[in-house]
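S.K.: Quick one: structure below, then a few questions.
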Amino acid sequence: MAKEKEEIYSILERYSDKLDPSKPEISVILAAGHGKRIKSERSKMLHEIWGRPSVRRVCDAAARGLGSDNQIIVLGKKALDVVQTLGWQKNRFFVYQKEQNGTGDAVRMAIEHSGISEYSGDVYIFPGDMGLLSDHTVDEFKKYFLECDCDMLVMTGQYEGKSEDNYYGRIMKGAESGGVIEIKEHKDILAMNDRIPYRTEFRGKEEIFTKEELLNIREFNTGVYALKIDSLKSYISAIRPNNVQSEIYITDLIKIFNDNGLRVCSSPVTNNSLVVAFNVKSVLKRMEETFRSMVYEELKDIVTIDDPDDFFIAEETIQRIIQLDKSYKVVDLKVGNGAYIGPNIEINRGLTVGRNAILKGDVRIGQNVKIDEGVMLSTFPEQTIEIGDGTHIYRNNVIQGNVRIGKNVRIETGVRITGSSDEPVVIGDNVQIKGMTYIFGSVIEKDILVEHSILKSRYVERVIKKNGEIQPIKYILPHPEGLDSINAL
């Protein structure tokens, strides 16, 4: 066990960089939880939302929204999986939480790390499973913190479902002042005696809440906080595990701050669906649906999408589509039910992607290309598929690797094309490929018909017969092997 921990520390150090002291904001990403309730061998933080791990989404939103790359990521279970997925990045370092003793303990480990000893800015804390967090939400939160003149700011939402389904911590506020008193975790509320109310003092006045009142509070804690680092360092060690979980909650800082004359404020979000965190598969699925809905709203007047509930277009490709729409009056893009279009797809005007077609890897597509149902286009790293204007790829065909297809090519059903890095496939303009045909590492000149053939490492020349027709390529098959093993029934 000691050797394993030593290895973890060594790898985390290799992937870590130093903070930039000139930037006054730093984000702490809490990514130590494994997520028992998600029921998966994979780290909870690596479950994907719209093609990207949740923790990567949070890291990116925090950095862009704060305008600072300064970042500390606290890891625990599956630490090596998470750090290797995120990789090295400038002004970011990793901290290892050996035992998951709560959010307060994770934050304490982050700010007590030697890499932050000379830092004097503001600290923003984010849960790594809030995968719908946007840079706009973070930016608005930062602006509010800079303007509100408080020592701690809590991002809050309004729960819209049934109270009994609300597992978030409740925001307790003063009856008269409206100030934030405490955050009461759901499990701690359930553990209360029904007949004994919760009593606490706030600004010299006793505040009383019954168990039912606490359960019915709609304003909830999102798990996002902003704090002045000096106040955080001064009081983080005062938190005690006085709760059902016997954990150190970062939320307990609120009462500690209040008791020591510091000011705590709340900042409500405008879109509750963007600050959801997941513990179970059903919530993760709902977050995916929310993201898909946002993508559809962004593209619905640019792209004809057959089924708003069943498609995938990567964010990088979405941005290229939007830029295409700005450059041309008409783009005429169509995406079929269940189609998948990855991040490195360079699309063009007049593209039709059929039902359940998959486009992955580095694929560059010309104008007015039609890709039918069930087609698979994919490449390995440092390989490219290029498709010329007016080309039509018929249903269920598979094209992989290094392939260059000319203009107005027709690839009919039953074709498989594979090009390697050493032996790419090059297909000239106006070629027609049909029948059960397989092509590997070959060059085919323009205007040729290829039918029911297997071409492996071949150069196919355009030959004109005496009657002026172009010689077709048909029934080019390898010699059979194993005939002596085949007998009539």
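Coordinate-derived values only; no laboratory data. Note that this is a predicted model, so its numbers are computed, not measured. Don't worry about glycine lacking a Cβ; one is built from the backbone with ideal geometry, like all the others, and counts go over all protein chains shown.
S.K.: If you take the Cα atoms of the chain, find Rg, then find the Kirkwood Rh from the mean of 1/r over all pairs, what is Rg/Rh?
M.R.: 1.12
S.K.: At a 10 Å Cβ-Cβ cut-off, how would you order V58, V450, V463, fewest neighbours first?
M.R.: Neighbour counts put them in this order, fewest first: V463, V450, V58.
S.K.: For M155, M109, which order do you get if you count the other beta carbons within 10 Å of each Cβ and list the fewest first?
M.R.: M109, M155
S.K.: I've got another one for you. Mind checking the angle between helix 54-66 and the chain's longest principal axis? C-alpha axes, 0 to 90 degrees, to the nearest 10.
M.R.: Value to nearest ten degrees: 70.
S.K.: Find how much the distance from S282 to N337 grows on full extension, using 0.36 nm per residue of separation minus their present alpha carbon separation; answer in nm with one decimal.
M.R.: Result: 17.6 nm gained on full extension.
S.K.: Can you give the Kirkwood hydrodynamic radius of region 142-191 from its Cα pairs, in Å with one decimal?
M.R.: Kirkwood hydrodynamic radius for region 142-191: 12.8 Å.
S.K.: Could I ask something else about it? Report Rg (one decimal) and Dmax (nearest whole number) for region 2-275, counting Cα atoms only, units Å.
M.R.: Reported Rg and Dmax, both Å: 18.3, 56.
S.K.: Something else: At 25 °C and 0.890 mPa s, grab the translational diffusion coefficient of region 1-138 from Stokes-Einstein with a Kirkwood Rh over Cα pairs, rounded to a whole number in µm² per second.
M.R.: Roughly 164 µm²/s, to the nearest whole number.
S.K.: Arrange the following residues from fewest to most other Cβ atoms within 10 Å of their Cβ: C59, C265.
M.R.: Result, fewest neighbours first: C265, C59.
S.K.: Using a simple charge model, +1 on the beta-carbon of Lys and Arg, -1 on the beta-carbon of Asp and Glu, nothing else, what dipole does region 2-275 show about its Cα centre, in debye to the nearest 20?
M.R.: For this selection, approximately 580 debye.
S.K.: Also: Let me have the relative contact order for the chain, percent, based on Cα pairs under 8 Å that are six or more residues apart.
M.R.: Relative contact order here is 9 percent.
S.K.: Taking the Cα centre of region 1-58 as origin, sum charge times position over the Cβ atoms of Lys and Arg (+1) and Asp and Glu (-1), and report the length of that vector in debye to the nearest 20.
M.R.: Roughly 380 debye for region 1-58.
S.K.: How large is the charge dipole for the chain, taken about the Cα centre, if only the Cβ atoms of Lys, Arg (+1) and Asp, Glu (-1) carry charge, to the nearest 20 debye?
M.R.: 740 debye
S.K.: Determine the relative contact order of region 2-275: mean sequence separation of Cα pairs under 8 Å and six or more apart, normalised by residue count, in whole percent.
M.R.: 22 percent.
S.K.: Hey, another quick one. I'd like the orientation of helix 2-14 relative to the chain: the angle between its Cα long axis and the longest Cα principal axis, in ° from 0 to 90, rounded to 10.
M.R.: Between the helix axis and the principal axis of the chain, the angle is about 70 degrees.
S.K.: Where does region 297-408 land on Rg(C-alpha)/(2.2 N^0.38 Å)?
M.R.: The reported ratio for this selection is 0.96.
S.K.: Modelled label-to-label distance, D484 and S114, 7 Å Cα→beta-carbon offset: nm?
M.R.: Label at D484, label at S114, 7.3 nm between them.
S.K.: What number, in percent, do you get for the relative contact order of region 300-485 if the mean sequence gap of Cα pairs under 8 Å and at least 6 apart is divided by its residue count?
M.R.: 11 percent
S.K.: Quick one: Karplus J couplings for region 205-222, per residue in order, coefficients 6.51, -1.76, 1.60, θ = phi - 60°, nearest Hz, x for Gly and Pro?
M.R.: Values per residue, Gly and Pro as x: 10, 7, 10, 10, 10, 7, 4, 5, 4, 5, 5, 8, 5, 8, 6, 10, 8, 7 Hz.
S.K.: Post the alpha-carbon centroid distance, region 311-326 to region 186-259, in whole angstrom.
M.R.: Region 311-326 and region 186-259 have Cα centres separated by 44 Å.
S.K.: Now a separate question. Rg and Dmax of region 167-218 over Cα atoms: what are they, in angstrom?
M.R.: 10.5, 30
S.K.: So if I take the alpha carbon set of region 96-216, get Rg, then get Rh from the Kirkwood formula, what is the Rg over Rh ratio?
M.R.: Expressed as Rg/Rh, it is 0.99.
S.K.: Calculate the spin-label point distance for D135 paired with R203, positioning each point 7 Å from the Cα along the beta-carbon direction, and give it in nanometres.
M.R.: About 3.8 nm separates the two model spin labels.
S.K.: Now, a different point. ³J(HN,Hα) across region 124-136 via Karplus (A = 6.51, B = -1.76, C = 1.60, θ = phi - 60°), whole Hz, x for Gly/Pro?
M.R.: Working through the residues one at a time gives 10, 10, 9, x, x, 9, 8, x, 9, 4, 10, 5, 5 Hz.
S.K.: Here is a further query. Mind jotting down the three principal axis lengths of region 411-485 based on Cα atoms? Whole angstrom, largest first.
M.R.: The Cα atoms of region 411-485 stretch 45, 32, 22 Å along the principal axes, largest first.
S.K.: Now for a different question. Measure nothing fancy, just the Cα-based angle from helix 315-327's long axis to the longest principal axis of the chain, in degrees from 0 to 90, nearest 10.
M.R.: With both axes taken from Cα atoms, the answer is about 70 degrees.
S.K.: Wrap a convex hull around the Cα atoms of region 300-485, take a quarter of its surface area, and give that in square nanometres.
M.R.: For region 300-485, averaging the hull's shadow over all directions gives 13.1 nm².
S.K.: With no solvent and one equal point scatterer per Cα, compute the Debye intensity ratio I(q)/I(0) for region 179-308 at 0.13, 0.21 Å⁻¹ and report its log10, rounded to two decimals.
M.R.: Calculated log10 I(q)/I(0) at the listed q: -0.73, -1.40.
S.K.: Given H placed 1.01 Å from N in the peptide plane, which residues other than close sequence neighbours of R404 have an amide H under 5 Å from its amide H?
M.R.: E386, V425, V426, I427
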